[in-house]
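Readers should treat all values here as calculations from the given coordinates under stated rules, not as data from a laboratory. This structure is a prediction, so every number in the text was calculated from the model and none was measured. Neighbour counts run over all protein chains shown; Cβ positions are idealised from the backbone, glycine included.
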Amino acid sequence: MIVLWLILGFALLLIGGELLVKGSVGLALKFQVSKVVIGLTLVAFATSAPELIVSIVAALQNKSDIALGNVIGSNIANIGLILGLTALIFKMSAVRLTYQKDWLFLLLANALLGLFLFLGQINTFGGLLFITLLVGYNVVKIRGARRDRHLHVGEDLDAAPTPLWQGILYIIVGAVALRLGALWFVSGIVDAAAFLGLSERFVSVTLVAFGTSVPELAASLAAARKGESDIAIGNIIGSNIFNILSVLGFTAIIHPIELNDPALFNYDFWVSVALSLMLIPLMVVFTRDRLDRIEGVLLLAVYAMFIYTLVV
């Protein structure tokens, strides 16, 4: 029964997120919103919806370790597992200057997250600060994209203008699916942890984080296969920024996120920071302006070591 709740919950999260993207993008195109704006805001936000709803539901049920573990573990998986696997398979060209500002902003987001975890909780003020930074980040990105003629963010969106009623229906059904999926998924996580004698932190940092990172895995592999290394790497950096500022920001505004398991800060968080710090330096250590197989193996080794230390 526990497995059934997990599977049904996860399936509804994926379906709900897909419908939310389809409905919001379709309506935006109908009202002639720039694809640059859509790519940098609506799509990025909507694809983070599963993580957001799971974290909100977990926090409301006083399961803050699931909310935090979901985000921290997802950020670890995005860099260590997903980017490592993508680099191992496709050998990506990577011009450091393309991502340098976003990388520095990711480090800033991590520093703020670390500060609030050190204080023991992300309160309403912290949530508002995160969302303010998120809005500022998107405004800067949109302005930069409009200035740069070579940046066509959102041009390859697989969507068409949607009739008003259809777009609204997609959004409503997607929101309901996300809500039910999150309730069932969180319930399954709690029950599975109790049944297996595992901590909620362990389950959320590993299984839940990997599950909610599946869309990023698919997007990065697809982009790298097409030779779009910029999109593959940018997708990971942007996703990690959104995970911290959007998911934890909105969750903290609705309900404060308490740090119950110190290991989330003392260990998991610092692994996430270490992987974030490695990103840009890795593009010059072995092969200049590339993420090659060597870098991919190194990232995967760090991720495997992290999982190993949690298991033993």
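Relative to the present Cα-Cα distance, how much length would full extension add between residue 195 and residue 132 at 0.36 nm per residue of separation?
On the way: separation 63, 0.36 × 63 = 22.68 nm, distance 4.01 nm.
So the extension gain works out to 18.7 nm.
Just to check I understand the Karplus step: with θ = phi - 60° and J = 6.51 cos²θ - 1.76 cosθ + 1.60, what whole-Hz values come out for the range 4-10, glycine and proline as x?
In residue order, the calculated couplings are 4, 4, 5, 5, 4, x, 5 Hz.
Which ³J(HN,Hα) values in Hz, rounded to whole numbers, follow from the phi angles of the range 105-122 under the Karplus curve 6.51 cos²θ - 1.76 cosθ + 1.60, where θ = phi - 60° and Gly and Pro get x?
After applying 6.51 cos²θ - 1.76 cosθ + 1.60, I find 5, 4, 5, 5, 4, 5, 4, 5, 4, x, 4, 5, 5, 4, 7, x, 6, 9 Hz.
Ranked highest first by the average count of other Cβ atoms within 10 Å around their residues, in what order do 106-116, 49-59, 244-254 fall? Write out the running numbers ahead of the final one.
Details: 106-116: 18.3, 49-59: 26.9, 244-254: 23.5.
The densest-packed peptide leads the list: 49-59, 244-254, 106-116.
At a Förster radius of 30 Å, what calculated FRET efficiency corresponds to the Cβ-Cβ distance of residue 168 and residue 61, to the nearest 0.05?
On the way: r = 29 Å, r/R0 = 0.98.
Once the sixth-power term is evaluated, E becomes 0.55.
Give, in nm to one decimal, the length gained when the segment between residue 30 and residue 108 is fully stretched (0.36 nm per residue of separation minus the Cα-Cα distance).
On the way: separation 78, 0.36 × 78 = 28.08 nm, distance 3.59 nm.
Between residue 30 and residue 108, full extension yields 24.5 nm more.
Give the peptides 268-280, 60-72, 185-197 in descending order of average Cβ contacts within 10 Å, highest first.
Working: 268-280: 20.1, 60-72: 24.8, 185-197: 17.9.
Descending mean neighbour count gives 60-72, 268-280, 185-197.
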